[in-house]
Amino acid sequence: MSRFNVSIIVPVFNEADQLTPLMNRLRLLQDRVTEIIIVDGGSDDGSFEKLSSEFQVIQAEKGRANQMNAGAAQATSTWLIFLHADTHLSPSHINDMISLASLSQWGRFDVKLDDSAWAFRIIEWFINRRSSLTSIATGDQCIFVRKRFFDELGGYASLPLMEDVEFCKRAKRQAKPVCLRKAVTTSARRWQQFGVLKTVLLMWKLRLYFWLGVSADDLAKQYR
């Protein structure tokens, strides 16, 4: 089985309860990629100590953008995949990515939420449709990008929120993304915890305010 010239970068922070299933999923990818880099943001729940030595594990300043940039700086592959700890990426996703990656400098997957309720099918449809129309992806869609292109763009801006949206805005000015219809599955826990309607309205509001120029620091306070 061929190993692709891909580095998977996984930012984690206080994910102790999620680490065992995460590492089990990552083990299924080890033989398909050059390296898997887990970047801990200074967890205080024992996450760092629980991370397996079979993966490359580094520490960085807290914040997804900072952690992903640190992982990218360590990466040695042609392609980078940024994978959230609660998103499921399979070997077949990587196969599909590689088969179409030559069409662009970067891209993303469709997303599926891990709840069977009908409301989540509607949310998924809107997320994927919006992303296809705007060429803007969120981090749970597993953004992938050529390392050289990522470096040329200066990586992710050091923002506490919307770093993925801001990166896509810059990236799409240079190259149209590959939008893979194959969906990665991600956690619906935020919608489940805070309510579907409340969460959808909050996310729409945050995105609108970001486009209107409200600082990511101010938006992050509302998101928490």
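The values are calculated or read from the model by the stated rules, or taken from the named source; none is laboratory data. These numbers come from a predicted model, not from an experiment. Here Cβ is always computed from backbone atoms with ideal geometry, including for glycine, and neighbour counts include all displayed protein chains.
Remarks
- Qualifying position, being in a strand (DSSP E or B), surrounded by 15 or more Cβ atoms within 10 Å (Cβ to Cβ) and over 17 Å from the mean Cα position of the chain (by Cα), among Val39, Val57: Val57
- Candidates Trp106, Trp125 - the one that is hydrophobic (A, V, I, L, M, F, W, C) and without any contact (Cβ under 8 Å) to a residue 12 or more places away in the chain: Trp125
- Residue in the range 64-72 that is of a type in the set (S, T, N, Q) and part of a loop (DSSP other than H, G, I, E, B) present: no
- Members of the range 60-72 found to be over 15 Å from Thr34 (Cα atoms) and either crowded, with 17+ Cβ neighbours inside 10 Å or small (Gly, Ala, Ser) (or both), listed by number: Ala60, Gly63, Arg64, Ala65, Asn66, Gln67, Met68, Asn69, Ala70
- Wholly within the range 109-206, helices (runs of 4 or more DSSP H) carrying at least 1 residues that are under 13 Å from the mean Cα position of the chain (by Cα) and either farther than 26 Å from Asn66 by Cβ or not small (Gly, Ala, Ser) (or both): 163-174
- Residue within the range 132-150 that is touching a helix residue (DSSP H, G or I) at 6+ places or on another chain (Cβ under 6 Å), closer than 21 Å to Gln222 by Cα, crowded, with 17+ Cβ neighbours inside 10 Å and among the polar types (S, T, N, Q) present: yes
- For the range 90-123, a residue qualifies if it is among the hydrophobic types (A, V, I, L, M, F, W, C) and either touching a Leu at 6+ places or on another chain (Cβ under 8 Å) or within 28 Å of Gln174 (Cα to Cα) (or both), and the qualifying residues are Ile94, Met97, Ile98, Leu100, Ala101, Leu103, Trp106, Phe109, Val111, Phe120, Ile123.
- On inspection, Ser77 fails the criterion of being part of a strand (DSSP E or B), closer than 29 Å to Ser132 by Cβ and touching a helix residue (DSSP H, G or I) at 6+ places or on another chain (Cβ under 8 Å).
- Hits in the range 199-224 (condition: exposed (fewer than 11 other Cβ atoms within 10 Å of the Cβ) and either among the acidic types (Asp, Glu) or farther than 18 Å from Leu159 by Cα (or both)): Asp217
To keep it simple, each residue is scored yes or no on (1) of a type outside the set (A, V, I, L, M); (2) modelled with pLDDT under 95; (3) touching a strand residue (DSSP E or B) at 6+ places or on another chain (Cβ under 8 Å); (4) under 21 Å from Val10 (Cα atoms).
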position	(1), (2), (3), (4)
Ala119	no, yes, no, no
Ile143	no, no, yes, yes
Phe150	yes, no, yes, yes
Glu166	yes, no, no, yes
Leu201	no, yes, no, no
Lys205	yes, yes, no, no
Phe210	yes, yes, no, no
Asp217	yes, yes, no, no
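- Scanning the range 104-117 for residues that are modelled with pLDDT under 95 and crowded, with 21+ Cβ neighbours inside 10 Å returns no hits.
- Within the range 149-165, the residues that satisfy the criterion of being touching a residue at least 24 places away in the same chain (Cβ under 8 Å) and either among the charged types (D, E, K, R) or closer than 22 Å to Gln74 by Cα (or both) are Phe149, Phe150, Asp151, Gly155, Tyr156, Ala157, Ser158, Leu159, Pro160, Glu163, Asp164.
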